[in-house]
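Below: the structure, in structure tokens.
The values are calculated or read from the model by the stated rules, or taken from the named source; none is laboratory data. The shown structure was predicted, so the numbers you read here are calculated from the model rather than taken from an experiment. Quick reminder, even Gly has a Cβ in these numbers, built from the backbone with ideal geometry, and neighbours come from all protein chains shown.
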Amino acid sequence: MAEEKVEQEEKKSKALLFIVIGAVVFLVIIIILVAFLLIGSGGEKHSDASQQSEAQQAQQKQPAISSKDANLLNIGPLYAINPSFVVNLVTQNGRRYLKTSITLELSNPKLEVEIDQKSNCCERHYH
């Protein structure tokens, strides 16, 4: 019985030692990060010439936006599909519903006429 108590005390002391070492390592890491952030943001002063050269280097590193990429940045005409609808979400502990609506972005305003025709056709079949 005495041996079991000694083993249990050794296990507890090892666990406690592990926790203390972990806490110390964690605090050291936090202190290093805080010191790095304070030193990195506080003491830097650049002259105008160095700032201009850095700005030029940054512009050279950035690739030029191609016409294809520029087209992706422009939002086309939006077409809202009406009416909004309710979806039943199956859950084990209660009733849950999702009320949603859909808005489409069109690449060409001429597509709006085609969508109107197709949505009218679908409404006749499903109502």
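Things to note:
- The condition (being part of a helix (DSSP H, G or I) and modelled with pLDDT of 85 or more) is satisfied by just one residue among E123, E112, E54: E112.
- Among the residues listed as A64, A80, the single one being of a type in the set (A, V, I, L, M) and at pLDDT below 75: A64
- The single condition from (1) within 30 Å of I115 (Cα to Cα); (2) part of a helix (DSSP H, G or I); (3) at pLDDT 70 or above; (4) hydrophobic (A, V, I, L, M, F, W, C) that L72 fails is (3).
- Identity of the residue in the range 90-103, surrounded by 10 or more Cβ atoms within 10 Å (Cβ to Cβ) and out of contact with any Ser or Thr (no Cβ under 8 Å at 6 or more places or on another chain), that ends up nearest to K118 (Cα to Cα): I102
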